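Colleague: Just passing along the structure, written as structure tokens.
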Amino acid sequence: MDFALTEEQTAIFDMAHAFGQDRIAPNARDWEAQGTIPKELWPEIAQLGFGGLYVSEETGGAGLGRLDATLVFEALSMACPSVAAFLSIHNMCAKMIDTFGSDDIKSRYMPGVLSMDTVLSYCLTEPGSGSDAAALKTRAARSNAGYTLNGTKAFISGGGYSDAYVVMCRIGDAAGPKGISTVIVDAGTDGLSYGALEDKMGWRSQPTRQVQFDDCTIPADNLIGDEGKGFGYAMAGLDGGRLNIAACSLGAAQTALNMTLDYMGERKAFGQSIDQFQALQFRLAEMEIEMQAARTFLRQAAWKLDQNAPDATKFCAMAKKFVTEAGSKTVNQCLQLHGGYGYLADYGIEKLVRDLRVHEILEGTNEIMRLIVARQLLAER
Ligand SMILES: Cc1cc2nc3c(=O)[nH]c(=O)nc-3n(C[C@H](O)[C@H](O)[C@H](O)COP(=O)(O)OP(=O)(O)OC[C@H]3O[C@@H](n4cnc5c(N)ncnc54)[C@H](O)[C@@H]3O)c2cc1C
């Protein structure tokens, strides 16, 4: 067993880290204040191949594995987890189109998706269904023109900002997951509108809005894959999405820990720098142990997904739960070790505490992660 990154993986991490430090970190607070990420950033990121990280090379993507992709998200989130997580959502949608979409849909969408002139949003959650995603109600009725969509999606990252929306909706009469299909809706389509900007605790640089469909007509060939299989497509996207979100927690928490190590060497109390108090040294050690455990576990789960291991979904769920909670605990502890200064925006820690909190909620809450693990355990008994 070899736990070391390959030379190529180290190069991928370094490239993403350098881009993040150069182009994202200096702007992250401004973008948060403005409530948006400049659209010009995305084609720049796409030039590194990050618009289709695990889209096949045949389609023009980078063709990376899941483990490689987690390195990109870990490295980018060292600059800003909100920007990195937004890129993860786009990549999750890109992979769904590449894996399940027809040649026609791929030829129409993938060039823009890969260059990130077409930024994608993922629309699963509704006001009445979040964890119980298969209870969704948005419906696409077959019509002469294609499909006519009606319904509301809630909490959509990139709502009103993205160029196209990957939408899980009901087609036909089947109840539950079997009635769910996936379609693409372009921004600007008649009948597509957006709710007000959500005022959020973190991820504030990402616009989040409700997305509303009122007799929104789309062509029949905007169906991804087959009718009735959309729930499976949506869940397949989520395994990788969960790894990425975990990687975003990891990278941001590592930044906080690095900043805290520096700060504790400078800050004096009772005649010495605070890194000399053994109680605080032990806290540093605990954070380091937890971060290393989180990193190893995340990479193991990513490796499982790369291998198509039968227990990959369970490992992705376990890693998502463990790493996002370790990340939140770490940034919160780092804030504490900065004393009052940790609470001030200028020191950069409080933003990380706010940004990471949502990683315990989305891409499946951490309760749902426990549910996935427990079900699997009981089934294997
Ligand atoms: C900032 C932000 C961005 C988001 N972006 C997107 C996006 O781009 N696209 C998208 O589709 N969605 C998005 N979401 C939605 C997110 O995925 C949901 O909020 C999440 O899945 C939880 O759903 P819910 O909010 O309806 O909570 P609920 O499902 O109502 O859950 C409420 C509580 O009950 C718990 N719970 C529910 N069922 C069970 C159970 N069976 N056993 C134990 N506990 C349970 C939950 O864990 C939670 O603690 C986003 C959310 C946020 C906050």
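The values are calculated or read from the model by the stated rules, or taken from the named source; none is laboratory data. A quick note: this is a predicted structure, and the numbers were derived from the prediction, not measured. Counting neighbours? That spans all protein chains shown, and the Cβs are built from the backbone with ideal geometry, glycine included. Accessible surface areas use protein heavy atoms only, side chains included; no ligands, DNA or RNA. Shrake-Rupley method; radii C 1.70, N 1.55, O 1.52, S 1.80 Å.
Colleague: In region 232-357, how does Rg compare with the Kirkwood Rh, expressed as the Rg/Rh ratio over alpha carbon atoms?
Modeller: My calculation puts Rg/Rh at 1.09.
Colleague: Give me the Debye-computed log₁₀ of I(q)/I(0) at q = 0.21, 0.23, 0.24, 0.27 Å⁻¹ for region 172-230, equal point scatterers on Cα only, no solvent, two decimals.
Modeller: Log10 I(q)/I(0), no solvent term: -0.93, -0.97, -0.99, -1.05.
Colleague: On the principal axes of its Cα set, how long, how wide and how thick is region 41-91? Give whole Å, largest value first.
Modeller: Reported extents, whole Å, longest axis first: 31, 23, 16.
Colleague: Run through all the Cα pairs of region 169-304 and give the fraction in each 5 Å bin from 0, expressed as whole percent.
Modeller: With 5 Å bins starting at 0, P(r) equals 2, 8, 10, 11, 12, 12, 11, 9, 7, 6, 5, 4, 3, 1, 0.
Colleague: Then there's this: Please compute, over every Cα-Cα pair in region 286-381, the percentage with a separation greater than 15 angstrom.
Modeller: Result: 65 percent of Cα pairs exceed 15 Å.
Colleague: Quick test of the membrane-span-like rule: which DSSP H helices of the chain reach at least 15 Å along their long axis (C-alpha atoms) with mean Kyte hydropathy at least 0.0? Can you show the working numbers first?
Modeller: Numbers: long enough: 7-19 (18 Å, -0.04); 66-77 (16 Å, 0.75); 81-100 (28 Å, 0.82); 103-115 (18 Å, -0.45); 230-266 (54 Å, 0.38); 278-306 (42 Å, -0.24); 312-337 (36 Å, 0.11); 366-380 (21 Å, 0.47).
Helices passing the filter in the chain: 66-77, 81-100, 230-266, 312-337, 366-380.
Colleague: Could I have the simple spin-label model distance between ALA269 and GLN300, label points 7 Å from Cα toward Cβ, reported in nm to one decimal?
Modeller: Rounded to a tenth, the inter-label distance reads 3.6 nm.
Colleague: Still on this structure: At most 15 other Cβ atoms within 10 Å plus a DSSP loop assignment makes a site exposed; report the longest stretch of the chain without any exposed GluC sites (Glu not before Pro).
Modeller: Value returned for the longest uninterrupted segment is 59-381.
Colleague: Grab the beta carbon distance between ALA345 and SER143, set R0 = 45 Å, and tell me the FRET efficiency rounded to 0.05.
Modeller: 0.35
Colleague: Let me ask another. Determine the relative contact order of region 72-145: mean sequence separation of Cα pairs under 8 Å and six or more apart, normalised by residue count, in whole percent.
Modeller: Values: 42 pairs, mean separation 15.2, N = 74.
Once normalised by length, the contact order is 21 percent.
Colleague: By how many nm would the segment from ALA175 to GLN34 lengthen if fully extended, with 0.36 nm per residue of separation less the alpha-carbon distance?
Modeller: Numbers: separation 141, 0.36 × 141 = 50.76 nm, distance 4.20 nm.
This chain segment gains 46.6 nm when fully extended.
Colleague: Right, here's the next one. Kindly provide log₁₀ I(q)/I(0) values, in the same order as q = 0.11, 0.22 Å⁻¹, from the Debye equation applied to equal alpha-carbon scatterers of region 1-132.
Modeller: The calculated log intensity ratios at q = 0.11, 0.22 Å⁻¹ are -0.42, -1.30.
Colleague: Nearest 20 debye, what's the magnitude of the dipole of the chain about its Cα centre given +1 on Lys and Arg Cβ and -1 on Asp and Glu Cβ?
Modeller: Taking the Cα centre of the chain as origin, the dipole is about 1080 debye.
Colleague: While we're looking at this one, here's another question. Given region 329-381, report the % of alpha carbon pairs whose separation exceeds 18 Å. Spell out each step's value before the answer.
Modeller: Numbers: 685 of 1378 pairs.
More than 18 Å apart: 50 percent of the Cα pairs in region 329-381.
Colleague: In whole percent, what relative contact order does the chain give with Cα contacts below 8 Å and a gap of six or more residues?
Modeller: Once divided by the residue count of the chain, the mean separation gives 16 percent.
Colleague: From zero up to wherever the largest Cα-Cα distance of region 7-72 sits, split into 10 Å bins and tell me the percent of pairs in each.
Modeller: Bin by bin from 0 Å, the calculated values are 20, 47, 28, 6.
Colleague: Here is a follow-up. What translational diffusion coefficient, to the nearest whole µm²/s, does region 126-242 have by Stokes-Einstein, given a Kirkwood radius computed over alpha-carbon pairs, a temperature of 37 °C and 0.692 mPa s viscosity?
Modeller: Numbers: Rh = 14.5 Å.
It comes out at roughly 227 µm²/s.
Colleague: Moving on. In nanometres, what is the gap between the two model label sites at LEU48 and ALA293, each 7 Å from Cα along Cα-to-Cβ?
Modeller: 3.0 nm
Colleague: Taking the Cα of VAL373, stepping 7 Å toward and past its beta carbon, and measuring to each backbone N in region 277-293: which are under 19 Å?
Modeller: It comes to 287, 289-293, nothing else.
Colleague: Once neighbouring chains are kept in place and the probe is 1.4 Å, which whole percent of the accessible area of region 148-287 is contributed by carbon and sulfur?
Modeller: Numbers: 2860 of 5550 Å².
Carbon and sulfur together cover 52 percent of it.
Colleague: Moving to a separate point now. Output needed for the chain: three equivalent-ellipsoid semi-axes, defined as square roots of 5 times the C-alpha gyration tensor eigenvalues, in descending order, whole Å. Please list the in-between numbers first.
Modeller: Details: eigenvalues 266, 95, 79 Å².
So the equivalent ellipsoid measures 36, 22, 20 Å along its semi-axes.
Colleague: What is region 66-133 by shape, rounded, prolate or oblate, if you read a ≥ b ≥ c off the alpha carbon gyration tensor as root eigenvalues and call it rounded for a/c under 1.5, prolate for a/b larger than b/c, and oblate otherwise?
Modeller: Oblate is the answer for region 66-133, as a/c is 1.5 or above yet b/c matches or exceeds a/b.
Colleague: About the Cα centre of region 1-151, how large is the charge dipole given +1 on each Lys and Arg Cβ and -1 on each Asp and Glu Cβ? Please answer in debye to the nearest 20. Provide the component values of the computation, followed by the final result.
Modeller: Details: 10 positive and 19 negative charges, 168 e Å.
Using Cβ point charges on Lys, Arg, Asp and Glu, region 1-151 gives about 800 debye.
Colleague: Using the C-alpha atoms of region 113-189, what convex hull volume per residue, in cubic angstrom, is computed?
Modeller: Output value, Cα hull per residue: 101 Å³.
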